[in-house]
1. Where does each of 68-74, 8-14 land if you order them by average Cβ count within 10 Å, highest first?
2. Arranged from highest to lowest average of other beta-carbon atoms within 10 Å per residue, in what order do the peptides 31-40, 77-86 appear?
3. 7 Å from Cα along Cα→Cβ at both Asp24 and Lys66: what's the point-to-point distance in nm?
Amino acid sequence: IQTMFWWGTVLLIGADDGLYFSDDGGLGLRAVPELEGRSVLSLCVPAPEGLSQSDILVGTDQGVYKSSDGGWKFLSLDNGLGRPQVTHISTFPMPPSIRERGR
């Protein structure tokens with residue numbers, strides 16, 4: 001296990017061979033197909049003030065992946081950066097003035 005995150009009934013386990021997901025408090029784990037074979041090095045669930053509460057960010061040995069549905073499906077966020085090894089991910093809430101302009 002490289003990293004682990006417990007969020008309500010959602011359990012995420014990052015390992016050398018991928019990401020494992022449970023939405024029943026860890027009773028059943030499933031491998032996340034989009035991350036099979038990737039070393040999952042970091043996990044981040046942003047604060048409510050940041051992205052959507054269902055967003056999950058995953059740092060791997062081949063870039064960053066994001067789920068917007070609570071961990072059911074992940075998409076690569078390479079945006080032309082290539083595939084860097086991402087050992088740490090963090091988010092921070094937007095200042096109120098930026099949040100208000102975006103609405």
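All of the numbers you see were taken from the coordinates with simple rules; none came from a lab. Remember, predicted model here, so these are calculated numbers, not experimental data. Cβ placement follows ideal geometry from the backbone for every residue including glycine, while neighbour counts extend to all protein chains displayed.
1. On the way: 68-74: 16.3, 8-14: 17.9.
With the highest mean Cβ count within 10 Å placed first, the list reads 8-14, 68-74.
2. In decreasing order of mean packing, 31-40, 77-86 become 31-40, 77-86.
3. That separation, rounded to one decimal, is 3.1 nm.
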